[in-house]
Amino acid sequence: MEKKDGVGKQFLEALEFQGIKRRDFLKFCGATAAFLGLSDLYIPKIARAIEKASKRQPVVWLNFASDSGCTESLIKATYPNAAEIVLDILSVDYNETIMAAAGKQAEEILEKSKKDGGYILIIEGGIPTKKGHGMISGKEMIDILKDFSGPAVAILAVGSCATFGGVPSAKPNPSEIVGVTEALKRVGVNKPVINLDLCPVNVEYLIGVVVNYLLLGKLPELDSFGRPKMFYGQCIHDNCERRAHFDAGRFVEQFGSNEEALGYCLYKMGCKGPMTYSACPKILYNDRISWCIKAGAPFIGCAEHGWPDKFAGFYERLPDVKIPGIAGVEATADKIGAIAGVATAAGIAVHAIATAASGRAKGEKKGGEE
C-alpha cells in the first residue's frame, strides 16, 4: 500500500469519501499530539496508530445507569469530529444508543464481540449493585460488566456516572450505584480502569486517551483517582479566563448584572473552580468554542469524584479559599477585595521606593545636575 505522510493511501481515500480531507485529518492528529504533550514529530505515528485501529481495534461501548449524556456529547462534537473518528475509524462494534441494530440482533453483535475479544471497553453510566435495580436483557448490569471486562484490552469509564456513580449515586443512593472500578472490585476483577471524570465527558479527552494507548501501547500516567494527569493535572482556577478578576477582588454578586456582563469572577455565585482539576479552560467544549464559566455559569465541580454530595448546593461559595500571591492568607470572597487592595497599595509603595533609590524618581536631575 502506498504511503503518504506515513498513512496508507486507501485509508486516506476512505476518509475523503466520508468528506474528511487529508489536511484536516492531519490537523486532528497534530491537535491530539498537543493534548498528549508530544512534538509534531509524532503526528505521522498518531496517524498510523489511528489507521491501524481502523482495521484491528474494535470498541464496545456499554451504557448502564446514565442519561446517555456522554454519548450525546460524542455524537454532537464538531470537527475534529470525534464522533466520526470513533465510529468510522475506531470501529465501534456496539453502542446501543446509536447503533442501527436492536433487540436480538444487537445482542448477537454484542456476544460476537465478547467472543472475539481484543476490544477497548468504554463504560458510560454507574453500576447498580442492589439486585434487580439494573437489568439489561434479563441480566444484572454488574454481571454484564464482569463478563465484558475480561476480553477487553483496556477499560475506560467515561463521565462521572461511570467513574464513581455520579448524580445517581448521590445520597441516599437507593440502588447502591457505584463506579466501574468499585464494581469490578466487588466481582473479583482486578483490572486497571482509566477514569474520565466530567459530566458529560469531554470527547477530546476520550480521543486523546485512546490514541495514547494505540500509539504507546500503554495507559497514560494516572492520578490517585485513576484519571489521566495530562487532562486532570491542573486546577481549573489556575487557567480560568476570569482569574484576573478573582485576584483583583471583582465578583459577580447577581446573575444578569453588569458585573456578569463584564466577565467578573463567579466565585461568589458558587464556582467550584478553586477545588477542581481539569483542562476545561484550555480544551473547552463544542469545537473549542466555550465551556460553562465562559458561558456565564459557575463551575459545579463535576470533574471531581463525589461532586454531587461534596459540592452541593451548587450556588453556595466555597469557604476559606486561599488568596493567590499572599502566602499564608486565607479569606472568603467578602475579604478578598480589601486584601487585594492592600497588597496592591503595598506593591506600589515598594515600587516607588525602589524607583527613588535607583535615581529614576520624578524631579531628579539627570547627570547629577543641581
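Here are the numbers:
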quantity	calculated
Segment 183-290: C-alpha gyration tensor shape, a/c 1.5 cut-off, then a/b vs b/c	prolate
Per residue, the convex hull volume that the Cα atoms of segment 96-190 enclose (Å³)	98
Total formal charge among the other residues, if their Cβ is under 11 angstrom from that of Glu140, Lys/Arg +1 and Asp/Glu -1	+2
Extension gain, Glu253 back to Lys115 (0.36 nm per residue minus Cα-Cα distance, nm)	43.9 nm
Local electrostatic count at Gly69 - Lys and Arg +1, Asp and Glu -1, tallied over other residues with Cβ under 11 Å	-2
R0 of 25 Å, Cβ-Cβ distance Thr97-His133: FRET efficiency to nearest 0.05	0.75
Charge context of Cys161, other residues only, Cβ under 9 angstrom, K/R +1, D/E -1	-2
Inter-part distance where segment 277-296 and segment 242-256 are each reduced to a Cα centre, Å	18
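No value in this document is a laboratory result; all are computed from the given coordinates. No experiment lies behind these values; they were computed from the predicted model shown. Here the Cβ is made from the backbone with ideal geometry for all residues, glycine too, and neighbour counts use every protein chain on show.
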